[in-house]
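Notes to accompany the following structure.
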């Protein structure tokens, strides 16, 4: 595991992603702590729908690191990756005898932070 220096983190956030945070966390657990290139490969070949928005956020975080801080993409690793619950869309479905049944469509906020890998002393 690389040495973590939180002051060098560069992050990207995707808000109101129309997906359950539980399903997104399952994928984020696989890439947390890995190098940027290794995380890209994992996300490309995992069979989950959650991989698409996560891949987009990861690429955005790397682009932020390159453009804003001047880091090289090859030196980056995923230092922080989490999904918080967002607001749930509420929809109603008709049920028997004139009743209505509420359907909750969850959303989440995906945050990924990348940092340059430091050499261990």
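On the basis of the beta-carbon distance and an R0 of 25 Å, residue 59 and residue 7 show a calculated FRET efficiency of 0.65.
Only alpha carbons enter this Debye calculation for segment 6-116, each as an equal point scatterer, and the log10 of I(q)/I(0) it gives at q = 0.11, 0.19, 0.24 Å⁻¹ is -0.40, -0.89, -1.24. Between the Cα long axis of helix 36-45 and the first principal axis of the chain there is an angle of about 40°, rounded to the nearest 10.
Between the C-alpha center of segment 101-120 and that of segment 55-97 there is a gap of 5 Å. Axis of helix 21-31 versus longest Cα principal axis of the chain: the two differ by about 20°, to the nearest ten degrees.
A short reminder: the numbers here are calculations on the coordinates, not readings from a lab. Note that the structure is predicted; figures quoted are calculated from it, not measured. All Cβ positions, even for glycine, are placed from backbone atoms using ideal geometry, and neighbour counts span all protein chains on display.
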